[in-house]
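Values quoted throughout were computed directly from the atomic coordinates according to the rules given, and no laboratory measurement underlies them. Please read these numbers as outputs of a predicted model, since none were measured by experiment. Here Cβ is always computed from backbone atoms with ideal geometry, including for glycine, and neighbour counts include all displayed protein chains.
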Amino acid sequence: MMEIGLVGKPNVGKSTFFEASTLAGAEIANYPFTTIKANMGMAAIRGRCPCTDLDVICSPKNSTCRGGTRIIPIELLDVAGLVPGAHSGKGLGNQFLDDLRQANALIHVVDISGSTDEEGNPVDRGSHDPMGDMEFLEREIDFWFDNIISRDWTKLSRTTESMHGKIEVGLSEKISGLGINVHQIFDSIIELGLDRDKPTKWSEEDLFSLASTLRKRAKPMIIAANKADRLDENDVKKLPEKVNNISIIPTFAEAELALKRAEHAGMLDYLPGEGEFKIKDPSSLSQAQTKGLDRIEAILNTYGSTNVQKVLESATYDLLNLIVVYPVEDEHKYTDHDGRILPDAHLVPQGSSAKELAYKVHTDLGDHFIKAVDCRTDMTIGHDHQLKNGDVIKIHANR
């Protein structure tokens with residue numbers, strides 16, 4: 001399953017964002033390093049369920065459907081807070097970075113209200129510049145990558161040259177634990193114009209540039225500008241859309257967490273990501289609860305949502321370029337062998353083929369793939385047919 005890492009310095013609301021996304025019970029407090037060990041939980045993203053278009057009542061197995069919106073699980077990892085100098089072991093840096101090895105994308109949570117210093121200690125609102133926080137984490141991961149790449153570089157580069165090997169292959173074996181593949185390394189080397197045949201000539205600056213380029217490819221990032229409710233509306237609207245080509249989304253994690261907890265307690269109906277909620281019994285609420293929900297309603301009216309869901313979905317659909325497809329066994333009834341209608345929603349990279357989907361469902365289906373059928377059009381498609389978002393696919397295999 002695809003995994004997204006939740007990163008940032010201590011005390012910026014990472015654990016609140018995590019809890020709001022997963023209701024997994026992460027410890028939340030107003031001091032640095034509340035999160036000591038990584039928390040893993042299941043968050044979810046939304047997709048349009050084909051049940052509406054196909055006029056069927058679905059019975060999902062690996063996800064849920066709410067009024068034609070498919071709720072698809074993803075893994076979310078909340079790691080220990082990062083501080084400047086983490087790549088050299090400061091704070092909990094070594095643990096933080098090690099936890100991120102297999103993350104496919106990163107959500108960088110920033111305290112946009114400027115209420116925490118660079119170490120994560122509480123300070124007066126606006127007394128710390130959050131723009132600097134947006135950039136330091138990139139540098140820390142770049143230094144981390146560079147430390148790993150540069151270790152024993154002389155030996156690796158000399159051996160590769162003497163054996164007339166491919167430096168991207170040797171390097172991929174060296175850094176395989178970072179979740180980086182040989183194609184990403186090759187593309188980065190070409191982008192930087194480095195001489196693949198003479199890696200011994202690469203300078204320290206070349207290696208650092210390679211580390212930074214690989215980080216952008218292997219760990220794409222989005223910024224959740226959290227605690228945006230502590231800013232004036234005009235200040236929120238003045239936030240740049242991007243910094244260093246990384247998208248910034250103002251976020252209200254505390255409000256989202258409150259809505260999730262209230263829904264879980266049966267107090268209201270709320271679909272994550274929506275701009276409204278419905279209180280089931282207003283008379284049952286205390287004065288404090290009513291006041292809190294009024295404040296959250298004002299946020300939704302102003303910004304459209306708490307944007308927690310928007311961040312998760314931007315990381316999935318935009319950063320990772322994933323689409324949702326629905327494999328079935330009966331192309332006419334859209335069912336699996338148990339008769340469940342549209343049972344599974346699978347996230348696959350955009351451009352994935354029908355045969356690649358077969359392998360994702362089961363190795364035997366891929367090994368014995370014959371053809372597939374687009375259930376929406378009843379058209380036969382070949383092994384190299386590129387899938388589209390929302391496709392319902394029947395795979396035929398020779399068993």
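When shorter helices are ignored and each DSSP H run of at least 4 residues is given -39500 (n - 2.57), the per-residue value for the chain at 222 nm works out to -10000 deg cm²/dmol. Under 5 Å between amide hydrogens, built in the peptide plane, is the criterion, and for residue 376 it picks out 392 among residues at least 5 positions away or on other chains. Summing Lys and Arg as +1 and Asp and Glu as -1 over all other residues whose Cβ lies under 14 Å from the Cβ of residue 232 gives a net charge of +2. For the pair region 355-374 and region 321-342, the centres of their Cα atoms are 13 angstrom apart.
Taking amide H atoms as placed 1.01 Å from N in the peptide plane, the amide H of residue 69 lies under 5 Å from those of 49, each 5 or more residues away in sequence or on another chain.
Each residue of region 209-218 was assigned a 3J(HN,Hα) from its phi angle through the Karplus expression (A = 6.51, B = -1.76, C = 1.60, θ = phi - 60°), giving 4, 5, 4, 5, 5, 5, 4, 5, 6, 8 Hz with x at Gly and Pro. Using the Cβ of residue 168 as centre and a radius below 11 Å, the other residues enclosed give a net charge of +1, where K and R count +1 and D and E count -1. Packing, as the average of other Cβ atoms within 10 Å across residues, places the peptides 213-225, 295-307 in the order 213-225, 295-307, highest first.
Where Lys and Arg each count +1 and Asp and Glu each count -1, what net charge lies around residue 392 among other residues with Cβ under 14 Å from its Cβ? The answer is -3. Beyond a 21 Å Cα-Cα separation, which of these cross-linked pairs lie in this structure: 14/219; 155/219; 14/260; 260/360? Flagged as over cut-off: 155/219; 260/360. Gyration tensor over the Cα atoms of region 324-397: the corresponding equivalent ellipsoid has semi-axes (square roots of 5 times the eigenvalues, largest first) of 16, 13, 12 Å. Counting beta carbons within 10 Å around each of 58, 65, 49 and listing the fewest first gives the order 65, 58, 49. Extension gain for residue 205-residue 271 works out to 18.9 nm (0.36 nm per residue, less the C-alpha to C-alpha distance). Starting from the Cα gyration tensor of the chain, take the square roots of the eigenvalues, sort them a ≥ b ≥ c, and report rounded, prolate or oblate (rounded when a/c is under 1.5, otherwise prolate if a/b is larger than b/c, else oblate). Verdict is oblate for the chain. The magnitude of the dipole of the chain, with charges of +1 and -1 set on the Cβ of Lys/Arg and Asp/Glu and taken from the Cα centre, is near 420 debye.
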